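Heads up, the thing below is written out as structure tokens.
The values are calculated or read from the model by the stated rules, or taken from the named source; none is laboratory data. In this text, all values refer to a predicted model and were calculated from it rather than measured experimentally. Heads up, the Cβs are rebuilt from the backbone with ideal geometry, glycines too, and the neighbour counts pull from every protein chain shown.
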Amino acid sequence: MIQLHRRHLLTAAPASLLLTGCDALTRNPTAKAIVESGEQATYRWQRLVGRDGLAREFSAADISPTFKVNGTHEPTNPKWQQLSAGNFADWRLKVTGLVHRELYLTLPQLRALPQRTQITRHDCVEGWSAIGQWTGPQLAPILKAAGLQGGARYIVFLCADDYGGEASKGGLQSASRYYESVDVVDAFHPQTILAHSLNSQPLSTGHGAPLRLRVERQLGYKQAKYLMQIVVADSLAPFGGGKGGYWPDRGYEWYAGT
Amino acid sequence: MATDAPSVPHPRRVLRHHWLVRLTHWLNAAAIIVLLMTGLNIFGAHPRLYWGDAGSVDERERLWLETGASPPWSAPKGWLEIAGTRFDTTGLIGVSQSPKGTTSFVAFPHWATLPSGRDLATARTWHFFFAWVIILNGLAWLLYGLLSGRLWREILPKRRQLTRAHLWNDIVEHAKLNFPKGEAALSYEVLQRFAYAGVTLVLIPTVILTGLAMSPGMDAAWPWLDALWGGRQSARSVHFIAMSGIAGFLLLHLVLVVLSGPIRQIGAMITGRMTIGGDK
């Protein structure tokens with residue numbers, strides 16, 4: 001009995017030591033800094049080989065029968081609730097920050113701009129994909145209308161929803177306002193649109209009514225829903241946790257092209 | 001007359017593995033272990049596999065593999081379902097014990113994943129760093145293999161080894177655990193060549209290309225990537241299947257190293273040198 005017990009300890013102890021060691025290594029600041037350098041390498045590589053690449057566009061037959069709703073299903077924010085109750089008649093998209101002219105755009109104004117419709121694949125960081133048809137104005141002409149000042153590096157999207165996270169996703173789980181950001185290359189990409197419709201229907205509450213971002217060469221968490229404001233910025237530090245997005249603040253890559 | 005007896009060859013130390021082979025071997029080993037363990041953690045965020053472009057919990061038409069847990073919740077059952085056939089995998093897949101002894105509802109148990117608990121963000125960061133390691137390391141190895149000719153001399157099966165009799169002989173020798181001795185140990189036998197060529201030239205390139213095909217940024221840059229596999233979800237499935245092949249190779253490789261003289265084999269892969277002759 002004792003021998004068995006000892007043998008068990010002898011084999012189990014090194015294994016568990018090794019595993020605790022691995023977990024400790026993932027929290028070591030030097031190790032973290034080294035592995036996080038991979039994101040910069042990936043970002044630069046994808047900009048090098050595919051700066052102007054277009055995400056694949058699918059045919060109507062490929063559209064997913066059900067497009068899964070993920071993240072916030074309905075914002076609890078009273079302001080958004082009030083806007084939703086009024087069918088977003090009082091909703092305005094603010095465009096501010098390093099711009100020459102601040103813009104306050106209504107939904108009819110956004111719908112009056114030249115529209116782009118694209119059937120694309122939405123890839124969730126969890127691993128699933130869904131195909132949907134998105135319609136809305138391109139972001140580029142809106143930014144051009146506002147006029148970017150010198151030093152503009154990031155386009156930040158402020159949303160209406162507070163999100164509490166999911167245990168399965170790891171990282172900090174405190175609730176906070178959702179936001180996201182992209183660089184100027186993705187902001188001016190022809191497939192980057194502010195979508196008001198999914199599959200020819202106005203966005204449902206779950207999919208981000210009244211307006212959401214589509215930045216088709218990145219993962220699902222970049223596709224910010226419930227848009228309220230666009231801020232042109234030279235730094236991501238003033239926003240949220242400073243990493244450029246709700247999930248990037250919780251350990252996920254800011255550049256979500258992978 | 002004793003002097004006429006066939007003399008036992010003098011033991012001699014020979015260079016068995018070039019330094020570049022040794023370096024890339026160990027970097028590759030470290031990368032594969034981290035990629036396997038972080039990959040199993042990532043899989044846990046969505047433990048389902050599909051064929052085609054799309055697939056989710058709301059679109060299960062092309063689902064072919066899934067893991068999960070079923071009641072009774074006092075003693076939950078873990079399961080793995082492949083093409084409609086469900087296997088009870090309690091304790092290993094779907095339901096396992098956490099290090100604290102509590103029941104954990106994860107696809108793969110804590111000892112198989114990195115980090116040990118669910119942590120998609122950290123697992124992804126580590127996975128993509130080591131993806132760069134395995135790609136750059138693999139390219140260095142391939143370049144060396146092509147330029148030195150080692151790829152043909154050492155890795156790809158030789159034509160004379162591809163006869164039925166030769167293959168059968170090597171299978172029998174492996175089954176009897178008779179491993180090459182003396183000069184013969186300086187060159188790989190045919191099964192070993194198939195295994196090494198299969199892993200380095202088929203399975204690792206497959207996991208790299210399917211991994212890239214899961215990246216929306218790379219699919220936009222290189223549209224042939226996801227088309228090559230018949231869609232992103234197919235690429236994810238093939239990534240998982242090729243990973244299983246690499247894990248199987250790793251296991252077999254370790255068992256055979258242990259059976260064929262681990263000190264000598266591992267020593268040779270560290271120092272590059274191996275003693276030939278003098279042994280039985």
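The residues of the range B:160-175 that are surrounded by 14 or more Cβ atoms within 10 Å (Cβ to Cβ) and either closer than 12 Å to residue B:192 by Cβ or among the hydrophobic types (A, V, I, L, M, F, W, C) (or both), listed by number, are B:161, B:167, B:170, B:173, B:174.
Restricting the range A:39-54 to residues that are of a type outside the set (A, V, I, L, M) and within 18 Å of residue A:216 (Cβ to Cβ) leaves a set whose member that is nearest to the other protein chains (Cβ to nearest Cβ) is A:50. Counting only helices (runs of 4 or more DSSP H) that sit completely within the range B:188-280, those holding 1 or more residues that are within 14 Å of chain A (Cβ to nearest Cβ) correspond to B:204-213, B:216-221, B:224-228, B:232-259. Tell me, which residue of the range B:111-137 that is part of a helix (DSSP H, G or I) and over 20 Å from the mean Cα position of the chain (by Cα) is nearest to residue A:22 (Cα to Cα)? Only one residue fits best here, namely B:122. All conditions in (1) within 14 Å of another protein chain (Cβ to nearest Cβ); (2) over 14 Å from residue B:40 (Cα atoms); (3) not basic (Lys, Arg) hold for residue B:113, with the sole exception of (2). For the range A:230-258, the tally of residues that are more than 10 Å from every other protein chain (Cβ to nearest Cβ) and of a type in the set (Lys, Arg) stands at 1.
Tell me, please, whether a residue that is surrounded by fewer than 14 Cβ atoms within 10 Å (Cβ to Cβ) and either in a strand (DSSP E or B) or not basic (Lys, Arg) (or both) can be found in the range A:128-145.
The answer is yes; a qualifying residue exists.
Quick check on the range A:11-31. Is at least one of its residues surrounded by 10 or more Cβ atoms within 10 Å (Cβ to Cβ), at pLDDT 95 or above and either more than 11 Å from chain B (Cβ to nearest Cβ) or not in a helix (DSSP H, G or I) (or both)? For the range A:11-31, residues surrounded by 10 or more Cβ atoms within 10 Å (Cβ to Cβ), at pLDDT 95 or above and either more than 11 Å from chain B (Cβ to nearest Cβ) or not in a helix (DSSP H, G or I) (or both): absent.
Quick grid of which residues meet (1) crowded, with 16+ Cβ neighbours inside 10 Å; (2) at pLDDT below 95:
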site: B:93; (1), (2): yes, no
site: B:99; (1), (2): no, yes
site: B:118; (1), (2): yes, yes
site: B:129; (1), (2): yes, no
site: B:136; (1), (2): no, no
site: B:139; (1), (2): no, no
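Residue by residue through the range B:64-107, note down the ones that are within 13 Å of chain A (Cβ to nearest Cβ) and out of contact with any strand residue (DSSP E or B) (no Cβ under 7 Å at 6 or more places or on another chain). Within the range B:64-107, B:99, B:100, B:101 meet the criteria. Checked against (1) on the phi < 0 side of the Ramachandran plot; (2) away from chain B (no Cβ under 14 Å), residue A:97 meets all criteria but (1). Selection within the range B:169-187: residues that are part of a helix (DSSP H, G or I) and more than 24 Å from residue B:251 (Cβ to Cβ). The member of this set that is modelled with the highest pLDDT is B:169. Residue pairs whose Cβ atoms lie under 7 Å apart, separated by 6 or more positions or on different chains, with the first residue in the range A:177-198 and under 16 Å from residue A:159 (Cβ atoms) and the second part of a helix (DSSP H, G or I) and modelled with pLDDT of 95 or more, are A:180/A:222; A:182/A:222; A:194/A:110; A:194/A:139; A:196/A:107; A:196/A:110; A:196/A:111. The set of residues from the range A:125-158 being within 14 Å of chain B (Cβ to nearest Cβ) and under 21 Å from residue A:240 (Cβ atoms) comprises just one member, A:125.
Under the condition of being part of a loop (DSSP other than H, G, I, E, B) and under 27 Å from residue A:248 (Cα atoms), the residues counted in the range B:90-110 number 5.
Among the residues of the range A:151-167, those identified as touching a residue at least 24 places away in the same chain (Cβ under 8 Å), small (Gly, Ala, Ser) and surrounded by fewer than 21 Cβ atoms within 10 Å (Cβ to Cβ) are A:151, A:152, A:165. In this structure, does residue B:73 turn out to be out of contact with any Gly (no Cβ under 8 Å at 6 or more places or on another chain), outside the structural domain of residue B:25 (by TED's automatic domain parsing) and not polar (S, T, N, Q)? Yes, satisfied.
Need the failing condition index for residue A:64 against (1) without any contact (Cβ under 8 Å) to a residue 12 or more places away in the chain; (2) over 19 Å from residue B:223 (Cβ atoms); (3) within 8 Å of chain B (Cβ to nearest Cβ), just the number. Failed condition: (1). Would you check if there is a residue in the range B:137-149 being assigned by TED's automatic domain parsing to the domain that holds residue B:195, among the polar types (S, T, N, Q) and free of Cβ contacts under 8 Å to residues at least 40 places away in the same chain? Checked against the condition, which is being assigned by TED's automatic domain parsing to the domain that holds residue B:195, among the polar types (S, T, N, Q) and free of Cβ contacts under 8 Å to residues at least 40 places away in the same chain, the range B:137-149 yields no hits at all. Beta carbons closer than 7 Å, at least 6 apart along the sequence or on distinct chains, pair a first residue in the range B:41-54 that is in a loop (DSSP other than H, G, I, E, B) with a second that is buried (at least 23 other Cβ atoms within 10 Å of the Cβ) and aromatic (Phe, Trp, Tyr) for B:46/A:128.
Considering the conditions (1) of a type outside the set (Lys, Arg); (2) under 18 Å from residue A:70 (Cβ atoms); (3) surrounded by 20 or more Cβ atoms within 10 Å (Cβ to Cβ), residue A:206 is excluded by exactly one of them, (3). The condition of being of a type in the set (Gly, Ala, Ser), in the same structural domain as residue A:183 (by TED's automatic domain parsing) and at pLDDT below 95 does not hold for residue A:130.
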